[in-house]
Amino acid sequence: MTIGIDRIGFATSQYRLSLEDLAQARGVEPAKFTKGLMLDSMSITPITEDIVTMAASAASQILTDEDRETIDLIIFATETGIDQSKAASVFLHGLLGIQPFARSIEMKEACYAATAGLDYAKRHVEKFPDRRVLVIASDIAKYGIASGGEATQGAGALALIVSSNPRTLILNDDNLAQTRDIMDFWRPNYSTTPYVQGAFSTQQYLDCLTTTWAEHQKRFGTSLDQLAAFCFHVPFPKLAKKGLDSLMTDDLTETDRDRLTSNFDAAITYNRQIGNIYTGSLYLSLLSLLENSRALEAGDQIGLFSYGSGAVCEIFTATIVDGFEQHLRTDRQAELDLRTPISVDTYEALFYDEAQLDETGSTSFKTYQTGAYALTAIDQHQRIYQKVN
Ligand code: HMG
């Protein structure tokens, strides 16, 4: 029996900000963002789109009635929690109509948590092969207006259905994690935006990558020439590119280099346009690879590097399943192009928009464009979600 990712769903917001426009507004050379960070635009959310609405939109694209009956575990990975007590997965369970005898939890460790969630899902299916797990990675990256990380914001949710005999990717048994207690990026409870040591965070990302990869090779005998592609956590594509460059040692043949480089370009196609979506970023890159590479075949091995500040990282590999392309979409780019371009003024207005609660703790919201689900009101401090499209 194999275990892995059967299907992948993805949703982002309906608004996008061009990084050239942002650069001009901040008095920065546009090439710093488009070439220096390798970012073209970023998804911006209105107040009515949050981690739950994006997760519901992503999951509803792929869920079947059979999934609703067989999913008995929902793992919601996020660092953009909407409640300190109630897990976002419980809202999601209700919105998606999953059968009642399910466990629904939320997990956090910066951009890393979805990877721990995926491994938990794998172990669950190992024990109960006829059950399925819904793993969600949903976040809104908000660094602050005119902050150092402003160009690396974004929003999006990935929904991964984990099952036995998966039709897209088999998860191999070679996960290796590393933990370091560092302060490279963190967000205390009293702050809506993170504190970041930008340059330090990029050094830590790269050092975690190379040291974990060296240990992975030792323990599991992995090597780059066996891999069709390597996907990375993508806070911005340039850092992932530096990651790939740091792994490609001089002994690698030209053919191996060309394969890894061209698949890397496929793997950042969506991330360039959406920005950092924190814990979903690696899985967006994986989806981008699967949907945009012309060179992948069944049996190909993909390396994955997950990194969450604080810091925990992990490297593992997955194997492509015969017929995988039938479970992917070919119209994703057209959908991304449909996002409404917004001005820097509109982006700033959306950034600062806050719920204005009345004395009962209630409010309803102006209508913004959202995906299939929206936060339509807050009623006596309770968030009200509805299917709207
Ligand atoms: P910065 O310091 O303003 O930028 O912000 P810089 O001066 O380092 O320039 C960036 C690149 O643009 C450089 O390229 C410049 O040379 C180039 P590099 O030398 O690195 O190859 N550049 C230009 N290129 C072409 N034309 C030009 C031009 N000007 C400059 N005219 C920084 C960079 C990453 C610090 C900032 O964006 C930031 O703080 N971002 C947020 C933190 C972050 O993303 N860290 C990544 C690692 S930590 C992580 O991945 C976890 C995270 O996702 C959170 C979580 O886990 O929850 C962030």
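Points to keep in mind about this one:
- The residues of the range 28-70 that are closer than 20 Å to K142 by Cα, within 16 Å of the ligand (Cβ to nearest atom), open to solvent by 10 Å² or more (accessible area, probe 1.4 Å) and in a loop (DSSP other than H, G, I, E, B), listed by number, are V28, L37, M38, D40.
- Counted residues, the range 157-172 - those being surrounded by fewer than 19 Cβ atoms within 10 Å (Cβ to Cβ) and in contact with an Asp or Glu (Cβ under 7 Å, 6 or more places away or on another chain): 1
- Among the numbered conditions (1) within 28 Å of A121 (Cα to Cα); (2) assigned by TED's automatic domain parsing to the domain that holds L227; (3) within 15 Å of the ligand (Cβ to nearest atom), the only one that D184 does not meet is (1).
- Scan the range 233-273 for residues that are within 16 Å of the ligand (Cβ to nearest atom), not in a helix (DSSP H, G or I) and not aliphatic (A, V, I, L, M) and the total you get is 3.
- Residues satisfying the stated conditions in the range 128-148, i.e. surrounded by fewer than 20 Cβ atoms within 10 Å (Cβ to Cβ) and more than 15 Å from the ligand (Cβ to nearest atom): F128, P129, D130, R131
- Selected residue (criterion: nearest to the ligand (Cβ to nearest atom)) from residues of the range 149-181 that are in contact with a Phe, Trp or Tyr (Cβ under 8 Å, 6 or more places away or on another chain) and part of a loop (DSSP other than H, G, I, E, B): G149
- Qualifying positions in the range 196-232 - more than 14 Å from the ligand (Cβ to nearest atom), among the hydrophobic types (A, V, I, L, M, F, W, C) and open to solvent by 60 Å² or more (accessible area, probe 1.4 Å): F220
- Only a single item in (1) assigned to a loop (DSSP other than H, G, I, E, B); (2) within 16 Å of the ligand (Cβ to nearest atom) is not met by Q99, and it is number (2).
- Condition met for I74 (in contact with a His (Cβ under 6 Å, 6 or more places away or on another chain) and open to solvent by less than 20 Å² (accessible area, probe 1.4 Å)): yes
- Selection over the range 182-202 of residues that are touching a Ser or Thr at 6+ places or on another chain (Cβ under 9 Å) and in a strand (DSSP E or B) gives a count of 3.
- Extreme residue, nearest to S364 (Cα to Cα), among residues of the range 18-27 that are small (G, A, S) and open to solvent by less than 60 Å² (accessible area, probe 1.4 Å): S18
- Members of the range 335-366 that are closer than 22 Å to A151 by Cα and either β-branched (V, I, T) or open to solvent by less than 40 Å² (accessible area, probe 1.4 Å) (or both): L336, R339, T340, I342, V344, T346, Y347, L350, F351
- Taking the range 304-319 as the range and being away from the ligand (no atom under 16 Å from the Cβ) and surrounded by fewer than 23 Cβ atoms within 10 Å (Cβ to Cβ) as the test, the residues that pass are T317, A318, T319.
- Close pairs (6 angstrom Cβ cut-off, 6 or more residues apart or separate chains): farther than 21 Å from T80 by Cβ in the range 179-201, at pLDDT 95 or above and in a strand (DSSP E or B) anywhere: T179/V312
- Test result for L357, touching a Pro at 6+ places or on another chain (Cβ under 6 Å), modelled with pLDDT of 95 or more and more than 30 Å from A116 (Cβ to Cβ): no
The values are calculated or read from the model by the stated rules, or taken from the named source; none is laboratory data. The structure displayed is predicted, hence computed values, not measured ones. For neighbour counting, all protein chains shown are included, and Cβ atoms are generated from backbone atoms with ideal geometry for every residue, glycine included. Quick note on the areas: whole protein, heavy atoms, side chains included, nothing else; ligands and nucleic acids left out. Shrake-Rupley method; radii C 1.70, N 1.55, O 1.52, S 1.80 Å.
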